[in-house]
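A short write-up of the structure that comes next.
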Amino acid sequence: MLNYVSDARRLLTLNCKRQNQAVKSETSTRASPFDDLASAYDAWFEEEGRLIFDIEVQAFQEVLPSLPKPWLEIGVGSGRFAQALGIETGIDPSVKLLKMARRRGITTFLGKGEQTSFDKKSYGTIFLIFTVCFLDDTLAVLKEAHRILEPDGKIVFGLVLKESPWGRFYEQKKRKGHRFYKYAYFHRYDDFTKLLEQADFTIERVISTLFQKPGKVEHVESPRNGYNPDAGFTILVARKTQESRYD
Ligand SMILES: C[S@@+](CC[C@H](N)C(=O)[O-])C[C@H]1O[C@@H](n2cnc3c(N)ncnc32)[C@H](O)[C@@H]1O
């Protein structure tokens, strides 16, 4: 624990170069369950996750050109997606994952998405990739993202939805106490879109990919436009609703 705290403080010092983006130590010094799983989590991308990752990155390429900069990833983890997609900055509560992200060239901030200290209207696009299902308070994160997004800002999600074959597969693992998925809560598409409306976001685009079933991913896939419950991975792009109650 002592190591964790001193490590956390060192990261805080390194990261608080931009005065207006100081991270609150109160939220940052609580241990993240991902700290114990960091190496195993990151190794997945080199093992059975390699092709899945390529399929998901390819799907993101469909939307990247339309997204205003600067970009931030909430729940940046070890920075695999951030590096592949060109996301410059990330925030995460896991010290160990953040160290990996920094090695991948990402500017990192220790903290949680529910309450950041980023200036309001400071980012063009915010990404949450495989992170929504691990949040304690999704609506609070959406409202905070809304606050720190520019007026025409976008929010981009990479989601595993509950009703998808992959959602059902991970739900089964969760029930058996799997080391990662026991912490996860998977949203249904309709429930998640309602949360977005509540936080004053309007959906602009949905992309579906990973139609191959769990354990049977053998080739690259082309993404398809629109929501599809058979897709294992859904990308959703939304923008700040005009005349928002949170502005
Ligand atoms: C499954 S990992 C995804 C990491 C990365 N986005 C990726 O796709 O590789 C989920 C991440 O969410 C982070 N996380 C959990 N709760 C969070 C919170 N309240 N705010 C921000 N990140 C959080 C975890 O530390 C972890 O890095």
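The values are calculated or read from the model by the stated rules, or taken from the named source; none is laboratory data. All values reported here derive from a predicted model rather than from experimental measurement. Please note: Cβ atoms are built from the backbone with ideal geometry, for glycine as well, and neighbour counts cover all protein chains shown.
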Residue satisfying condition, being over 22 Å from Ala140 (Cα atoms), not β-branched (Val, Ile, Thr) and not in a loop (DSSP other than H, G, I, E, B), within set Lys174, Lys194:
Lys174
Scan of segment 93-110 for residues that are near the ligand (Cβ under 8 Å from one of its atoms) and aromatic (Phe, Trp, Tyr), ordered by number
none
Tell me, please, whether a residue that is of a type in the set (Phe, Trp, Tyr) and away from the ligand (no atom under 11 Å from the Cβ) can be found in segment 74-92.
no
Checked pairs for segment 76-91, first surrounded by 24 or more Cβ atoms within 10 Å (Cβ to Cβ), second among the hydroxyl-bearing types (Ser, Thr, Tyr) and modelled with pLDDT of 95 or more, C-beta under 7 Å and 6 or more apart or across chains, list as Val76/Thr108; Gly90/Thr108; Ile91/Thr116
How many of the residues making up segment 49-75 are surrounded by fewer than 19 Cβ atoms within 10 Å (Cβ to Cβ) and either more than 27 Å from Gly226 (Cα to Cα) or among the small types (Gly, Ala, Ser) (or both)?
2
Among residues of segment 38-53, those that are in contact (Cβ under 8 Å) with a residue 60 or more places away in the chain and near the ligand (Cβ under 9 Å from one of its atoms), counted:
2
Please go through segment 111-126 and pick out each residue that is near the ligand (Cβ under 10 Å from one of its atoms) and at pLDDT 95 or above.
Gly111, Lys112, Gly113, Glu114, Thr116
From the options Ile129, Ile91, Ile55, residue that is modelled with pLDDT of 95 or more, under 22 Å from His187 (Cβ atoms), in the same structural domain as Ala38 (by TED's automatic domain parsing) and over 16 Å from the mean Cα position of the chain (by Cα)
Ile55
Is at least one residue of segment 212-234 touching a His at 6+ places or on another chain (Cβ under 8 Å), at pLDDT 95 or above, buried (at least 17 other Cβ atoms within 10 Å of the Cβ) and in a loop (DSSP other than H, G, I, E, B)?
yes
Got at least one residue in segment 145-159 being out of contact with any helix residue (DSSP H, G or I) (no Cβ under 9 Å at 6 or more places or on another chain) and within 14 Å of the ligand (Cβ to nearest atom)?
yes
Test Ile129 against the stated conditions and say whether it is out of contact with any His (no Cβ under 9 Å at 6 or more places or on another chain) and within 16 Å of the ligand (Cβ to nearest atom).
yes
Quick one: in segment 153-195, which of the residues that are among the aliphatic types (A, V, I, L, M) and surrounded by 21 or more Cβ atoms within 10 Å (Cβ to Cβ) is farthest from Lys69 (Cα to Cα)?
Leu161
Which condition number in (1) at pLDDT 90 or above; (2) not in a strand (DSSP E or B) is the one that Arg30 fails?
(1)
